[in-house]
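The values are calculated or read from the model by the stated rules, or taken from the named source; none is laboratory data. All figures in this text were calculated on a predicted structure; none of them were measured in a lab. Using ideal geometry, Cβ is built from the backbone for each residue, glycine included, and neighbour counts are taken over all protein chains shown. These area figures cover heavy atoms from the full protein model, side chains too; ligands, DNA and RNA do not enter into them. Shrake-Rupley method; radii C 1.70, N 1.55, O 1.52, S 1.80 Å.
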Amino acid sequence: MQFDHRVGAWLLAFTVPVLWWKLRRAPQLPRRAEKGGNLLLATLALQIGLGIATLVSVVPLSLAALHQAGAVVVFAFAVSVAHALR
């Protein structure tokens with residue numbers, strides 16, 4: 001399970017910055033998509049930091065719960081950006 005989780009994390013760690021870069025370079029991008037891309041990148045960075053801190057601290061419940069909540073926030077921003085781009 002940890003392997004799958006880490007593969008997903010690496011996938012996001014590479015694809016979200018690429019998406020952010022493409023959004024920054026896109027002409028006539030809706031403001032909502034630009035702002036959502038910035039928030040998505042920032043929350044992903046926080047989420048990665050929370051995941052690392054959770055493992056290094058030997059999975060305390062508070063950090064694990066924060067990491068789970070962070071996943072919901074990252075997902076929400078991803079959906080928001082997708083909606084703004086449609």
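Numbers below:
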quantity	calculated
Long-range neighbours under 8 Å by Cβ, at least six apart or interchain, first residue over 10 Å from His67 (Cβ atoms) within the range 38-56, second open to solvent by less than 60 Å² (accessible area, probe 1.4 Å) and of a type in the set (Val, Ile, Thr)	Leu40/Val16; Leu40/Val74; Leu40/Val81; Leu41/Val16; Thr43/Val74; Leu44/Val16; Leu44/Val74
Complete set of residues in the range 1-42 that are within 16 Å of the chain's Cα centre (by Cα), over 16 Å from Val81 (Cβ atoms) and not charged (D, E, K, R)	His5, Val7, Gly8, Ala9, Trp10, Leu11, Ala13, Phe14
Checking Ser57 against (1) under 19 Å from Leu11 (Cβ atoms); (2) at pLDDT 95 or above, the condition it does not meet	(1)
Of all residues making up the range 20-37, the number that are open to solvent by 70 Å² or more (accessible area, probe 1.4 Å), assigned to a helix (DSSP H, G or I) and either touching a His at 6+ places or on another chain (Cβ under 7 Å) or without any contact (Cβ under 8 Å) to a residue 12 or more places away in the chain (or both)	5
